[in-house]
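Take a look at the structure below.
The values are calculated or read from the model by the stated rules, or taken from the named source; none is laboratory data. Keep in mind it's a predicted model, so treat the numbers as computed, not measured. Ideal geometry is used to build each Cβ from the backbone, glycine not excepted, and the neighbour counts take in all protein chains shown.
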Amino acid sequence: MLRRILPLSLFVISTAIVAHPNMAPPEISKDFQAMKQLVGTWEGTMLEGKKEVPATVVYELTSAGTAITEKLGPGTPHEMISVYYQEGKTIEMTHYCASGNHPRMTLKKNTGTVMEFEMTGTSGLTSAMEPHMHALTLTLSDPNTLKQEWVSFDKGKKNMTAVFSFKRKI
């Protein structure tokens, strides 16, 4: 009997919390609103040395419209997730990397078509000297064309830039 009551009780409590009538919707910044145009599935290529390899990225809106998840290489052994969210008056993102760390980056510049993120501090790393993604530039040259430029650091210095070119599929 307890096995039936406990799950039902938790469901009722969680539903009451989520559907609380006095919860005001959060104020969403202009920068975060601009990021919502990324939502969808994108297909294209990654430049690996001089060779282009197929790539996919999926952006989804979640948490009642207050966060965006990015899944780079969904379903592959090197699948990575990044979560974009509003932090005060700016946009932050945490990149959960295939290398096992999770650097946190802050939006430094948004022109409407170009969004530049850069790591500040060493949140998500054991040391700034370990290899990590340090910066990301997202460029929307039109509503259906996206370029990602991921800058990695190693031993405290720029190591390489991975460039992805995508077209919107959905």
For the stretch 106-140, what are the residues that are hydroxyl-bearing (Ser, Thr, Tyr) and modelled with pLDDT under 95? Thr111, Thr113, Thr120, Thr122, Ser123, Thr126, Ser127
Does the stretch 101-115 include one or more residues that are closer than 15 Å to Thr41 by Cβ and among the hydroxyl-bearing types (Ser, Thr, Tyr)? no
Among the residues of the stretch 66-118, count how many are under 11 Å from the mean Cα position of the chain (by Cα), of a type in the set (Asp, Glu) and closer than 17 Å to Phe164 by Cα. 1
Can you list residue pairs whose Cβ atoms sit under 6 Å apart, with the first residue in the stretch 89-111 being within 20 Å of Val57 (Cα to Cα) and the second being of a type in the set (Lys, Arg) and outside any loop (DSSP other than H, G, I, E, B)? Count only pairs 6 or more apart in sequence or on different chains. Thr94/Arg104
Subset of the stretch 19-70 that is in a helix (DSSP H, G or I) and polar (S, T, N, Q) - its residue that is surrounded by the most Cβ atoms within 10 Å (Cβ to Cβ): Gln37
